[in-house]
Every structure is written in C-alpha cells, then in structure tokens.
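To start, the structure under review is shown below, and the notes come after it.
The values are calculated or read from the model by the stated rules, or taken from the named source; none is laboratory data. From a predicted model like this one, the values you see are computed outputs, not experimental measurements. Please note: Cβ atoms are built from the backbone with ideal geometry, for glycine as well, and neighbour counts cover all protein chains shown. With ligands, DNA and RNA removed, areas are computed over all heavy atoms of the protein, side chains included. Shrake-Rupley method; radii C 1.70, N 1.55, O 1.52, S 1.80 Å.
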Amino acid sequence: MINLIAGGHENSVDLITVAEAIHWFDLPQFYSLVRCLLRKAGGIIAVWGYNHTVVSPNFDLLMKPLHKKMLPYYDPKTSYLWEGYRTLPFPFESVGLGREGEPMELDIKREQSFQGLVRFMRSCSAVTTAKDQGVDLLPEEANAASGMAVHDDCKLRFLELKAKRSYRFILFKIEQQQIVVDKLGEPNDSYDDFTSSFPPDECRYAVYDFDFITEENCQKSKIFFIAWSPDPSKVRMKMVYASSKDRFKRELDGISFELQATDPSEMSLDIVKGRAC
C-alpha cells in the first residue's frame with residue numbers, strides 16, 4: 001500500500017483526508033498506514049462527515065419518525081457518525097481544529113430542492129438496506145411534492161369564499177399528485193363543524209373565514225390557513241404536505257395568517273381569536 005500511495009517512501013505525505021467514510025474503515029490498520037505515510041513534522045490527517053440534515057423546525061419535526069424507522073437498518077459502524085465522531089478513536093495530536101473526543105462542529109449549508117432531498121435520502125445506506133429486505137421507507141409518493149399541481153377548482157372555491165362568502169371553510173387534500181377540494185363548509189357552519197371535518201389520521205390543508213368584533217366594536221373577518229398534520233398520519237405524506245404548503249398558499253391570495261396543527265388543541269377557537277384580534 002505504501003508503494004502504491006507514496007512510491008515506497010514513508011513519512012512523505014503532508015495531508016491525508018477522509019470524507020464521510022472513516023467509520024467504515026478497519027481503524028487500527030488504517031491508522032497504522034497513516035503513521036507510516038505522514039511526515040513526522042507537519043503531517044496532518046483530517047476526517048469529517050455529516051449526520052443530521054436540518055431544513056426547518058417544522059420539516060425537521062416531520063423527519064424524526066422517519067429517522068426512527070431507519071435506525072434498525074443502519075450498520076452499527078455508523079454510530080460513530082451519528083454521535084458526531086465524539087466516540088471515534090483518533091490517536092493523533094490536535095492542530096487546533098478538534099481532537100479525540102472533542103471534534104469541531106461544522107455547518108455545511110446548501111440549497112436543495114425537495115426532489116433532490118428525497119433522492120439524497122434514498123441513497124442512504126439504511127434506506128437501501130431496508131429496500132433489499134423488502135421494506136420501502138421512501139415510496140415514490142414522497143417524490144411527488146416538487147411537481148404538485150393545484151386543481152383550478154381550489155382557486156375558484158377560494159375566490160367564492162373570499163369575495164362572495166359562499167362558504168365558511170374549505171378543506172383541501174392531495175390526491176393523485178394534485179391538490180383538490182375535499183370539503184366545503186356551509187356559510188352558517190360553526191367552528192366545531194370545521195374542526196370536526198379534519199380526518200384524525202390524514203393530512204389536510206384548510207382555509208376558514210373567521211368573523212370577529214374588534215375593541216372598537218367593528219365587525220371584521222379574516223381568512224386563516226391551517227396545515228393539518230396529525231401524528232398518526234403517514235410520514236411520507238407529512239413530507240409531501242409540508243413541502244407543498246408554501247407553493248399552494250401562494251395560489252390563495254388573501255390569507256391573513258397561518259396555523260400548523262398536529263391535534264385539535266393547536267387550532268382551538270381561543271388560539272384563532274388571539275391571532276385574529
């Protein structure tokens with residue numbers, strides 16, 4: 001190996017780097033090779049890797065159940081990586097950029113489309129191992145969000161709610177890779193009618209036309225948007241709804257504020273009043 005890398009010369013390499021791979025190595029054998037190759041004075045070994053992908057608080061929360069499902073399919077060697085290399089044996093002198101037991105933390109920022117993120121996740125060793133065992137952790141439905149269409153009826157019904165007050169509320173769902181109207185609320189329907197319309201185990205979007213009286217005794221109304229993502233709903237659909245939400249909201253001009261809810265208590269009437277008034 002020394003002949004192959006350094007032309008047979010020991011103590012001749014200035015820098016050895018390992019990116020996202022050292023946890024797979026036979027460490028004693030690799031470190032022995034490193035000591036032979038690196039210059040005694042000034043030779044450096046640098047290793048790094050990435051573990052948790054951070055997108056946004058709401059999206060990251062949706063990813064936690066998926067990560068738990070992936071854990072049984074990870075090779076035990078990846079524990080070094082998930083622990084941030086804090087438990088990785090690294091018997092080399094520090095040069096001021098981390099040391100054994102105290103690695104330096106880095107933020108590696110990049111712009112990524114949802115479709116690109118799904119492709120990246122499908123390349124993870126746990127996902128490929130699970131698929132080899134007949135378990136598909138990321139079915140094709142999770143890749144649909146980046147091209148999610150909005151049915152024209154969604155915008156038409158929303159305009160009727162806003163301009164004509166034809167409905168008290170509208171529920172929307174994702175069906176066959178497009179957002180469609182799921183339910184229309186009658187003008188006299190109550191807020192309880194609205195909240196009881198949400199399925200307990202499926203995601204939905206919704207808009208509600210909320211009437212209230214100001215402190216100056218003026219009658220007003222505001223339209224609010226709800227992203228409903230209950231805990232029992234499927235992880236892949238949570239991802240699809242979360243990644244499609246902002247694009248869909250841009251189609252609905254006139255929304256005053258947004259609520260995100262995982263159970264009815266997070267969209268109670270008191271919360272709505274507090275946001276509107």
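Observations
- Volume per residue of the C-alpha convex hull in the chain, rounded to whole Å³: 176 Å³
- The distance separating the Cα centre of region 8-54 from that of region 239-261 comes to 47 Å.
- Only the Cβ atoms of Lys and Arg (+1) and of Asp and Glu (-1) were treated as charged; on that basis the dipole of the chain about its Cα centre amounts to roughly 460 debye.
- Gyration tensor verdict on region 225-277 (Cα atoms; rounded if a/c is under 1.5, prolate if a/b is larger than b/c, oblate otherwise): oblate
- Applying 0.36 nm per residue to the separation of ALA21 and ASP136 and subtracting their alpha-carbon distance, the gain on full extension is 38.9 nm.
- Of the trypsin sites (Lys or Arg not before Pro) found in region 23-67, the ones in coil according to DSSP and having at most 10 other Cβ atoms within 10 Å of their Cβ are LYS40.
- HN-Hα J in Hz across region 212-221 - Karplus 6.51, -1.76, 1.60, θ = phi - 60°, x for Gly and Pro: 7, 10, 6, 4, 8, 6, 9, 7, 9, 9
- For region 45-55, 3J(HN,Hα) per residue [Karplus equation, 6.51 cos²θ - 1.76 cosθ + 1.60, θ = phi - 60°, Hz, x = Gly/Pro]: 10, 10, 10, 8, x, 10, 10, 7, 8, 10, 10
- For region 152-277, the alpha carbon convex hull comes to 99 Å³ per residue, rounded to a whole number.
- Per-selection Kirkwood Rh - region 162-201 (Cα, Å, 1 d.p.): 11.2 Å
- Amide H contacts under 5 Å for ILE16: ILE44, ILE45, ALA46, restricted to partners 5 or more places along the chain or on a different chain, H placed in the peptide plane at 1.01 Å from N.
- FRET E, pair LEU159, LEU106, Förster distance 41 Å, beta-carbon r, rounded to 0.05: 0.30
- Think of region 71-186 as a dipole: +1 on every Lys or Arg Cβ, -1 on every Asp or Glu Cβ, centred on the Cα centre; then among PHE158, GLY116, VAL181, PHE158 lies furthest on the positive end.
- Base-10 log of normalised Debye intensity for region 7-159 (one unit scatterer per alpha-carbon) at q = 0.09, 0.11, 0.12, 0.15 Å⁻¹: -0.45, -0.61, -0.70, -0.94
- For region 199-267, the share of accessible area belonging to carbon and sulfur comes to 44 percent (1.4 Å probe, ligands and nucleic acids excluded).
- DSSP bridge pairs, the chain: antiparallel proportion in percent, nearest 5: 60 percent
- Per-peptide average of other Cβ atoms within 10 Å, ordering 70-83, 117-130 highest first: 117-130, 70-83
- Angle in degrees between helix 235-250 and the longest Cα principal axis of the chain, rounded to the nearest 10: 60 degrees
- Across region 75-203, Cα-Cα pairs more than 26 Å apart make up 55 percent of the total.
- A viscosity of 1.567 mPa s and a temperature of 4 °C, combined with the Kirkwood radius over C-alpha pairs in the Stokes-Einstein formula, give region 205-248 a diffusion coefficient of 102 µm²/s.
- Inter-label distance, nm, simple model (7 Å from Cα along the C-beta direction), VAL55/ARG86: 2.6 nm
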